[in-house]
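Okay, so here's the structure we're looking at.
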Amino acid sequence: MLSKSESNSVLTSSKSEKPKAVVLFSGGLDSTTCLYQAIADGYHPTALSFDYEQKHKIELRSAKRIAKNLGIPHLIQKLQPKFFLGSSLTEKKLKVPKNSLGKTGIPNTYVPGRNILFLSFGVSLAEGIQAKRLYIGVNALDYSGYPDCRPEFLKAYADAVRLGTKAGAEGHPLEICAPLQHLGKKEIVLLGSKLGVPFSMTHSCYDPIGGKPCGRCDSCLLRKKGFQEAGIPEK
């Protein structure tokens, strides 16, 4: 459920002369770069985050700060954690893998159906506020091998949205935009630097300890790799 103030914030955004977009926004490196790309593309974005009692829930604090700094509408959709079983990001009994980057197979940090559900919320919001685009910061190069980050998945999902929405039926379907899809972490860091992304405000760790990045999970290692290869100090 959205609060009254959040709903009013979205309605207020309709006064902007710029075309509207919805950006799925975790507060991490990729989604923040994606958000800044949406702004650079000339859109007035509404950021949509999700609270599903993830172990790295601290990322929502980063998302709030970044959205507030940009002065854009920011909605946080609360989901029951029982929707996402079988993942080490949501179940206490499962341990987040450490120092396992590059191993074959889909890691247990995969959250079943997460992007499908997040995109569906995004589509509903986007169509409701007559947004032109829905941005998602997925990446299919330097990533953990999640099937819901692959180009073929996004293409199939976009086809479903075109067929299953009023906007699509009337000939002006919502565009699913994944600007980071074919970029490695180095290129994402370089793009973020060019766009002015406040890297120090972003959070990437899957298993923070006392609010600090663990430094050993896939997400931490990929982030470190990106900054090192880009020649930019990690922040």
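For F50, the residues whose modelled amide H falls within less than 5 Å of its own, excluding neighbours fewer than 5 places apart on the same chain, are Q77. With R₀ set to 41 Å, the beta-carbon distance separating K95 from S120 gives a calculated FRET efficiency near 0.90. Considering only the other residues whose Cβ falls under 9 Å of the Cβ of L174, what net charge follows from Lys and Arg at +1 and Asp and Glu at -1? In short, +1. Using the Karplus relation 6.51 cos²θ - 1.76 cosθ + 1.60 with θ = phi - 60°, the per-residue 3J(HN,Hα) values for segment 178-184 come to 10, x, 9, 3, 10, 9, x Hz, with x marking Gly and Pro. Between I129 and D159, the distance separating the two model label sites (each 7 Å from Cα on the Cα→Cβ line) works out to 3.0 nm. Share of antiparallel DSSP beta bridges in the chain, in percent to the nearest 5? For the chain, the DSSP antiparallel bridge percentage is about 5.
Computed from the coordinates by the stated procedures, all read-outs in this text should not be read as laboratory data. What you see is a predicted model, and the numbers here were worked out from it, not measured in a lab. Here Cβ is always computed from backbone atoms with ideal geometry, including for glycine, and neighbour counts include all displayed protein chains.
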